[in-house]
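Okay, structure first, notes after.
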Amino acid sequence: MFSFSVLASSGAARAGLLTTPHGRVETPAFMPVGTAGAVKATTRAQLEEAGAQILLANTYHLMLRPGDELVAERGGLHGFTGWPGPFLTDSGGYQVFSLAALRRVDDDGVSFRSHLDGTAHRLTPERAMDVQMNLGADLVMAFDECPPSTASREEIAAATGRTTRWARRSREAHRRADQWLFGIVQGGVHLDLREKSAAEITALDLPGHAIGGLAVGETKDDTWRVVEHVVPLLPADRPRYLMGVGTPEDILDGVARGIDLFDCVLPTRNARNGQLFTSAGRLSIRNARYRRDPRPPDAACGCYTCRTASRAYLRHLHLAGEMTAATLMTVHNLTYYLDTLRAVRQNTLLGRFEEFRREVLRALAASEAEADGGA
Ligand SMILES: [Zn+2]
């Protein structure tokens, strides 16, 4: 039902294949974020055309609304949303710590109030597994504690110890053979804590591993120092997931260090704010220079938006607050991310990942004036 294999490497970059009960995922892969069971502003057909192979959904949001039992009753995430491919659900931990009000952590779990209506809830490793078994994703995450980057070393050490104990309890409580449970390595920017966490989490012999607690406000140097330290401590024959990362540059930097799975709200959130990622750099559609611009967002892109819409039209829709602006720009940004990852994989298979990475980084560094072709 499940398998993962690394087909080729180029430096530390890997091209792999992850097989799940709902289909195959070519890695390295980007997982569009479908927070509440939908990738904002898109339909299933648009996600399929953009080339999405796996979606992420958020445990915290779905347990609060509409409730994981309702989702289970409607056939789990697959039956409820109609998305036929694989899903990954997060553990809920990160969002409890970033969104919920009045949270109180103890060694057994976390009590908190919903950011929606203030109602009281509790997540424990057992409850996080129940919710994720109800949601029915293919890949599920052990319950973890993700402290902010401003936390003291003592707080991070305590959270890391709890994450290990909660991962053991998550493994005990997890019962679905049609789901793969991944462990999460925590430890902030402290390499000794990361080492201890990696040793304890990998000892659980889970089929995949995530690096959590990064992209939470630390410097980029710290992010990559931690990733470089942790990746060699994770079993090479299992998928590695860098949670919540990132920009196109970050994803290339992660692949270069041996990461296989990524998720981030950036392409979808930025699309709604009018920022487009293109093969010639970033482009802000609000800019007055696009007022009469007849060109598509990205001449090198084959997405529906680039085939049918001009920058002038997108700018008008965006400024007029038309919902279609969000849809068209999300379709493009997701296509850009997914096309880039596909090209990363192709170049890794050909043994020329590093050359490809340099080409893309050069293009991304181009200024908006250059992306504009000087017009
Ligand atoms: Zn496009």
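When you look at VAL230, is it of a type in the set (Val, Ile, Thr), in a helix (DSSP H, G or I) and in contact with a helix residue (DSSP H, G or I) (Cβ under 7 Å, 6 or more places away or on another chain), yes or no?
When the stated conditions are applied, VAL230 passes them.
For (1) crowded, with 20+ Cβ neighbours inside 10 Å; (2) more than 15 Å from the chain's Cα centre (by Cα); (3) charged (D, E, K, R), each residue gets a yes or a no:
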position: LYS40; (1), (2), (3): no, no, yes
position: ARG44; (1), (2), (3): no, yes, yes
position: GLU48; (1), (2), (3): no, yes, yes
position: LEU62; (1), (2), (3): yes, yes, no
position: GLY75; (1), (2), (3): no, yes, no
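For segment 262-310, how many residues meet the condition of being of a type in the set (D, E, K, R), in a loop (DSSP other than H, G, I, E, B) and within 9 Å of the ligand (Cβ to nearest atom)?
1
Being buried (at least 22 other Cβ atoms within 10 Å of the Cβ), aliphatic (A, V, I, L, M) and within 14 Å of HIS332 (Cβ to Cβ) is the filter here; which residues of segment 249-272 pass it?
ALA271, the sole residue that qualifies.
Determine whether ILE251 is in contact with a Pro (Cβ under 8 Å, 6 or more places away or on another chain), part of a helix (DSSP H, G or I) and at pLDDT 95 or above.
The answer is yes for ILE251.
Could you tell me which numbered condition THR330 fails, if it satisfies all but one of (1) of a type in the set (S, T, N, Q); (2) in contact with a Ser or Thr (Cβ under 7 Å, 6 or more places away or on another chain); (3) more than 11 Å from the ligand (Cβ to nearest atom)?
Status for THR330: all satisfied but (3).
Yes or no, residue by residue, for (1) in contact with a helix residue (DSSP H, G or I) (Cβ under 8 Å, 6 or more places away or on another chain); (2) free of Cβ contacts under 8 Å to residues at least 60 places away in the same chain; (3) small (Gly, Ala, Ser); (4) at positive phi:
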position	(1), (2), (3), (4)
GLY281	yes, no, yes, yes
ARG291	yes, yes, no, no
PRO294	yes, yes, no, no
TYR304	yes, no, no, no
LEU317	yes, yes, no, no
GLY321	no, yes, yes, yes
ALA326	yes, no, yes, no
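In this structure, is GLY34 of a type in the set (Gly, Ala, Ser) and free of Cβ contacts under 8 Å to residues at least 40 places away in the same chain?
It is false that GLY34 is of a type in the set (Gly, Ala, Ser) and free of Cβ contacts under 8 Å to residues at least 40 places away in the same chain.
For segment 311-327, name all the residues that are under 29 Å from the mean Cα position of the chain (by Cα) and either more than 14 Å from the ligand (Cβ to nearest atom) or farther than 19 Å from ALA363 by Cβ (or both).
LEU314, ARG315, LEU317, HIS318, LEU319, GLY321, GLU322, MET323, THR324, ALA325, ALA326, THR327
Mind listing whichever residues of segment 113-128 are without any contact (Cβ under 8 Å) to a residue 24 or more places away in the chain and part of a strand (DSSP E or B)?
ARG113, ALA120, ARG122, listed by residue number.
Using beta carbons and a limit of 7 Å, which pairs, at least six apart or on different chains, have the first residue in segment 58-80 and more than 21 Å from PRO32 (Cα to Cα) and the second one in a helix (DSSP H, G or I)?
GLU69/ASN134; ALA72/ASN134; ARG74/PHE80
If you go through segment 286-301, how many residues are under 27 Å from VAL344 (Cα atoms), surrounded by 14 or more Cβ atoms within 10 Å (Cβ to Cβ) and not acidic (Asp, Glu)?
Residues in segment 286-301 being under 27 Å from VAL344 (Cα atoms), surrounded by 14 or more Cβ atoms within 10 Å (Cβ to Cβ) and not acidic (Asp, Glu): 4 in total.
State whether one or more residues within segment 333-344 are more than 12 Å from the ligand (Cβ to nearest atom), in contact with a strand residue (DSSP E or B) (Cβ under 7 Å, 6 or more places away or on another chain) and either more than 30 Å from ALA8 (Cα to Cα) or outside any loop (DSSP other than H, G, I, E, B) (or both).
Scanning segment 333-344 turns up at least one residue that is more than 12 Å from the ligand (Cβ to nearest atom), in contact with a strand residue (DSSP E or B) (Cβ under 7 Å, 6 or more places away or on another chain) and either more than 30 Å from ALA8 (Cα to Cα) or outside any loop (DSSP other than H, G, I, E, B) (or both).
The values are calculated or read from the model by the stated rules, or taken from the named source; none is laboratory data. On a predicted model such as this, the values are computed, not experimentally measured, just so you know. No Cβ is skipped: glycine too gets one built from the backbone with ideal geometry, and neighbour counts run over all protein chains shown.
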